[in-house]
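The values are calculated or read from the model by the stated rules, or taken from the named source; none is laboratory data. All figures in this text were calculated on a predicted structure; none of them were measured in a lab. Cβ coordinates were reconstructed from backbone atoms using ideal geometry, including for glycine residues, and neighbour counts include every protein chain displayed.
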Amino acid sequence: QQQVKQSPQSLIVQKGGISIINCAYENTAFDYFPWYQQFPGKGPALLIAIRPDVSEKKEGRFTISFNKSAKQFSLHIMDSQPGDSATYFCAASIGGNNRKLIWGLGTSLAVNP
Amino acid sequence: NAGVTQTPKFRVLKTGQSMTLLCAQDMNHEYMYWYRQDPGMGLRLIHYSVGEGTTAKGEVPDGYNVSRLKKQNFLLGLESAAPSQTSVYFCASSYTDRFSYEQYFGPGTRLTVT
């Protein structure tokens, strides 16, 4: 059972456009929601993360929007660039001594020049 | 700092052979993880460790064993490789505190079992 559902599976955006990737979760005990970026042949790397006590977090062109009541969060990439072409994963985590990430299945983003 | 390193980078095994993948981190992280990544399946947790001498099963542990004898190293073993274990394997490490929980990933090991 997928506890974190990510959509779309793939996305094509024109340079300068806005890329939007969505995730939905089931478990209200999740307290940390990161997004990871993975380039081909590389390991994932943390892009941006949010905790449920805020509704939005922005870092440069990347913004997480968080809707606690709907149990959804999304990644917005403004002014998308060809260098943003990568696979993006959302994840969620519960605190405690056995903290681990529950991952979405990923979104392959292609930004056309 | 090298971060998280994985050895080897590529490996081809025949069915039934055994091998050990080595993960090393120099960030003094308590937590370490082994994942496998297959097309369309995302990242699936195999085993993890919350400290030296501890291990725990993840989502897909069957056919794998792990050991964490030293804090900086986390070994993943395949006792009798099967074609279904063809995958890219990633190791990650992390610290965790009240405000942050970031996993740092290695470059991956591409394993093919024929």
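Points worth noting:
- Selection of the range A:86-102 for residues being at the interface with chain B (Cβ under 7 Å from one of its Cβ atoms) and modelled with pLDDT of 95 or more yields only A:PHE89.
- Scope the range B:72-114; condition small (Gly, Ala, Ser), facing chain A (nearest Cβ under 10 Å) and touching a residue at least 12 places away in the same chain (Cβ under 8 Å); matching residues: B:ALA92, B:SER94, B:GLY106, B:GLY108
- Odd one out for A:ALA29, checked against (1) in contact with a strand residue (DSSP E or B) (Cβ under 9 Å, 6 or more places away or on another chain); (2) within 30 Å of B:THR55 (Cα to Cα); (3) part of a loop (DSSP other than H, G, I, E, B): (1)
- Residue within the range A:8-20 that is within 14 Å of chain B (Cβ to nearest Cβ), part of a strand (DSSP E or B) and in contact (Cβ under 8 Å) with a residue 40 or more places away in the chain present: yes
- In the range B:4-52, the residues that are without any contact (Cβ under 8 Å) to a residue 12 or more places away in the chain and assigned to a strand (DSSP E or B): B:GLY42
- For the range B:1-19, residues that are closer than 18 Å to B:ALA81 by Cβ, surrounded by 14 or more Cβ atoms within 10 Å (Cβ to Cβ) and either under 12 Å from the mean Cα position of the chain (by Cα) or at pLDDT below 95 (or both) total 1.
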